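Worksheet: one structure, shown below.
Readers should treat all values here as calculations from the given coordinates under stated rules, not as data from a laboratory. In this text, all values refer to a predicted model and were calculated from it rather than measured experimentally. Note that we place each Cβ from the backbone using ideal geometry, even for glycine, and neighbour counts take in every protein chain shown.
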Amino acid sequence: MRRRRLGATEFEITPIGLGCMQFAGPGLVEGFYPAIGQETVTAIVGAALAGGVNWFDTAEMYGKGASERALTTGLRAHGVKPGEVMIATKWTPTLRTAASIGHTVGDRLAALQGFPIDLHQIHQPVGSLSGIPRQVEAMARLCREGRITAVGVSNFSARQMRTAAVVLAAHGLTLASNQVQISLLHRDVERDGTLRTARELGVTLIAYSPLRSGLLTGKFHENPELVRKLPRVRRLMGGFSPAGLKRTAPLVAELNAIGKAYGVSAGQVALAWLTGFYGDTVVAIPGASKPRHVEESAAVLDLELTERELDRLAGLSPARS
Ligand SMILES: NC(=O)c1ccc[n+]([C@@H]2O[C@H](COP(=O)([O-])OP(=O)(O)OC[C@H]3O[C@@H](n4cnc5c(N)ncnc54)[C@H](OP(=O)(O)O)[C@@H]3O)[C@@H](O)[C@H]2O)c1
């Protein structure tokens, strides 16, 4: 699959990157994903590189630097040098003013252990003590100072994206990306104007939870017992209840059927739908807690579904999961 340009930047990224929330270690993220050791992280990063993945998404919020450190430790262990892959991280806005973007960028760079911040993102539009324009101004300043290369946002609405783009334009910059939840079980971007606005502004949408936290792999439909073993917060997310599994069973059956024809898994078909259905505007960052997960995700770079398959899956995607 052809690489895709990240917004209007110079970065040419693979349509599949690696989400690194799973590398957060002990703390809040354990409500979603149990902590995994460095050895496993290094193996996951190695599998991503071997599969041709050329970019990684992490965040301050993922263990206050733990994910950034684990990722770059893994990259170094595989001989990757700064600049050879693209790194995206995020600033946490909660109860902080925009000034903290400048104050904390040194911590981010320290946690990245010599790797640059190719894309710095505002993790969410809510929670900061400053308005969005001020936050974006602070990001623009970091660009001007050469401390980051590109500016992105996350969980922003269409209107908030426009605000960010206008502020950046005054500095001769563009908004590179908006990281939002998109999958066959979460298609709000089509209805709330985010997709249309991203296309109009030339902004890349980075799809998070593209497997809807593993639901679209079909493993929970096949073995509902697995739901009981999930960390509490993730278990209580939409879709893992018996009714939720029942609602999405027809879609998962079709993912399995299409997968069988290609010799791939349901999860791989779900990712190929994401990278195919929306064209160049959307790239995806599936997470992995095992090397096998990312081996499968990376193999999607060689998988293209037909228009009919894309439409058939879209037709089976329930209004809510
Ligand atoms: N910006 C934001 O607000 C935001 C929010 C959420 C996530 N994110 C980013 O998006 C990334 C991905 O989202 P996500 O982790 O929430 O959801 P996801 O990518 O939809 O699901 C990842 C989980 O699915 C399971 N999985 C993946 N590949 C598999 C395979 N081949 N076979 C079986 N199971 C497989 C694993 O679950 P198990 O580990 O249980 O086996 C894995 O941890 C995160 O790492 C993070 O970087 C961003």
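Under the shape rule built on the C-alpha gyration tensor, where the axes satisfy a ≥ b ≥ c, segment 231-317 is oblate, since a/c reaches at least 1.5 while a/b does not exceed b/c. Here the calculated FRET efficiency for LYS81 and LEU28, from their Cβ-Cβ distance with R0 = 25 Å, stands at 0.20, rounded to the nearest 0.05. Once you divide the Cα radius of gyration of segment 24-176 by 2.2 N^0.38 Å, the number left is 1.05. Remark on segment 146-296: hydrodynamic radius 16.8 angstrom, per the Kirkwood mean of 1/r across alpha carbon pairs. Considering only LEU18, GLY263, THR197, and ranking their Cα positions along the charge dipole of the chain that arises from unit charges at the beta-carbon of Lys, Arg, Asp and Glu, the one farthest toward the positive end is THR197. Share of antiparallel DSSP beta bridges in segment 1-143, in percent to the nearest 5? Bridges in segment 1-143 that DSSP calls antiparallel: roughly 20 percent. Scanning residues 5 or more positions from ALA150 or on other chains, those with amide H under 5 Å from its amide H are LEU119, HIS120, with H placed 1.01 Å from N in the peptide plane. Charges were assigned to the Cβ only: +1 to each Lys and Arg, -1 to each Asp and Glu. The resulting dipole of segment 53-165 about its Cα centre is roughly 200 debye.
Partners of LYS81 within straight-line reach, counting aspartates and glutamates whose Cα lies under 18 Å from its Cα and excluding those fewer than 8 residues away in the same chain: GLU12, ASP57, GLU68, ASP118. So how far, in whole Å, is the C-alpha centre of segment 216-272 from the one of segment 119-176? If we compute the Cα centre of each part, the gap is 35 Å.
Distant-in-sequence amide contacts of THR14, defined by a placed amide H-H separation under 5 Å and a gap of 5 or more residues or a different chain, comprise ARG4, ASN54, TRP55.
In this Cβ point-charge picture (+1 for Lys and Arg, -1 for Asp and Glu), the chain has a dipole of about 720 debye about its Cα centre.
Rg/Rh for the chain: what does it come to with C-alpha atoms and Rh from Kirkwood? Over the Cα atoms of the chain, Rg/Rh equals 0.95. Rounded to the nearest 20 debye, the dipole size of segment 181-308 about its Cα centre is 720 debye, using +1 on the Cβ of Lys and Arg and -1 on the Cβ of Asp and Glu. Using Cα atoms only, what is the angle between the long axis of helix 66-77 and the major principal axis of the chain, expressed in degrees (0 to 90) to the nearest 10? Roughly 80 degrees between the two axes. Under a cut-off of 19 Å between alpha-carbon atoms, report the lysines in cross-link reach of LYS90, not counting same-chain residues fewer than 8 places apart. Leaving aside lysines fewer than 8 places away in the same chain, those within reach of LYS90 are LYS64. Straight-distance candidates among the lysines for linking to LYS219, with alpha-carbon spacing under 26 Å and chain neighbours fewer than 8 residues away dropped: LYS229, LYS246, LYS260, LYS290.
Computed from phi, the 3J(HN,Hα) profile of segment 166-172 under the Karplus parametrisation 6.51, -1.76, 1.60 (θ = phi - 60°) reads 5, 4, 5, 4, 5, 9, x Hz, with x in place of Gly and Pro.
Sequence-distant contacts, meaning Cα pairs under 8 Å at least 6 residues apart, place the relative contact order of the chain at 21 percent. Its DSSP H runs of at least 4 residues, each contributing -39,500 (n - 2.57), put the calculated 222 nm mean residue ellipticity of the chain at -12500 deg cm²/dmol, to the nearest 500.
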